[in-house]
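Since the structure comes first, as structure tokens, the remarks are kept for the end.
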Amino acid sequence: MKKLLPLFVALPLCALEQQTIHSSLLAYYENKTYTNSKQKVDGRVYGLGGDIHIRNNEIRFAYEDGAATTKKPPLTKDLSNHKLFLRYRYDYKHLRVHLNYLHVLDDNIAITSGGQGYGVGFEYIPTKRLHFDITQYVVRYDDFQTYQSDFRVDLHIPTETFGWKISSISKYIRLKDKTPNSFTRNAKDHYFTTGIKLHTHYNSYHFGAGIYFGERVFAVMNDGFKLQHHAMEFHKTYAVGVGKTLGKFIARVQYIYNEATELPINNPNVKIENLRFILNYKI
């Protein structure tokens, strides 16, 4: 991390003397409720971030403060954790290259506290309507590590009144234990999941929906800006969202539904509902 930080910091700072294309600030709040869980009752996530675009360079960052009310017993205290996400991207003609860094700064309950992840990705843009992206992640925890390969295809369909974007996403995840531990004891060695996302906009309104098929665990999500570091094996994910542009602000609301199994105690049929509020401000 000490070697990577100068790269993330120096690249945008060196380019600040050049023309800034656009930048934005981000704030979000998530409210989670758990059904049939033997560990959690509800949870909250507060996030702050932003992005800076300078010519062909983009740097994105986000910081999360998460908390959850737990069931006591079996747990002895409520959950608290903090995460950091960074991404640098460089655009060159029909090719984009991006580097990701993810860090579970602390977690007062999970053995994944302190975990760090790295990602390298390449995006090929043969036409304005068609994008291909392949990204490789590795996330290292004290007791195990994960290797994740993402492949995404974006199809842009402009019309006279609507702009459409359809994305197909595939994720292959492999687990490797360093030492025997409760988090991976009931997990499989390999996981494969696929998803479909749809986004459209009309005038100042935005609409989105998504669904994931297959199972995943300890997954990197949202282009490297979400990390599922607790031992939850997700089976189903549905999401829907709506947003509106208000001058320099973009306000969005998302509803995400998950079904999962709590792996340490092998507790199935856990339902997680997440209501997410997002606010962007264009600088």
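The values are calculated or read from the model by the stated rules, or taken from the named source; none is laboratory data. The shown structure was predicted, so the numbers you read here are calculated from the model rather than taken from an experiment. A quick note on method: Cβ atoms are made from the backbone with ideal geometry, for glycine too, and the neighbour counts reach across all protein chains shown. Protein only, heavy atoms only, side chains kept; ligands, DNA and RNA dropped before computing areas. Shrake-Rupley method; radii C 1.70, N 1.55, O 1.52, S 1.80 Å.
Things to note:
Okay, residues lined up against (1) among the β-branched types (Val, Ile, Thr); (2) closer than 19 Å to Ile196 by Cβ; (3) without any contact (Cβ under 8 Å) to a residue 12 or more places away in the chain; (4) touching a Phe, Trp or Tyr at 6+ places or on another chain (Cβ under 8 Å):
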position	(1), (2), (3), (4)
Tyr212	no, yes, no, yes
Asn222	no, yes, yes, no
Phe234	no, yes, no, yes
Tyr255	no, yes, no, no
Asn269	no, no, no, no
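- Among residues of region 35-44 being in a strand (DSSP E or B) and open to solvent by less than 40 Å² (accessible area, probe 1.4 Å), the one that is farthest from Glu259 (Cα to Cα) is Gly43.
- The residue that is farthest from the chain's Cα centre (by Cα), counting only those in region 131-146 that are over 16 Å from Phe183 (Cβ atoms) and open to solvent by 30 Å² or more (accessible area, probe 1.4 Å), is Phe132.
- Tally, over region 241-258, of residues that are closer than 24 Å to Tyr212 by Cα and open to solvent by 40 Å² or more (accessible area, probe 1.4 Å): 6
- The number of residues in region 236-256 being of a type in the set (S, T, N, Q) and under 16 Å from Tyr202 (Cα atoms) comes to 1.
- Residue check for Arg174: over 24 Å from Ile59 (Cα atoms), assigned to a strand (DSSP E or B), of a type in the set (Lys, Arg) and open to solvent by 70 Å² or more (accessible area, probe 1.4 Å): yes
- Only one of the listed residues (Thr146, Thr200) is in contact (Cβ under 8 Å) with a residue 24 or more places away in the chain, within 21 Å of Asn258 (Cβ to Cβ) and hydroxyl-bearing (Ser, Thr, Tyr). That residue is Thr146.
- Tally of residues being more than 20 Å from Ser182 (Cβ to Cβ) and surrounded by 21 or more Cβ atoms within 10 Å (Cβ to Cβ) across region 208-236: 3
- Listed by first and then second residue, the pairs with beta-carbon distance under 6 Å, at least 6 apart or on different chains, first residue in region 61-76 and among the β-branched types (Val, Ile, Thr), second assigned to a strand (DSSP E or B), are Thr69/Val41; Thr69/Asp42; Thr70/Lys40; Thr70/Leu79.
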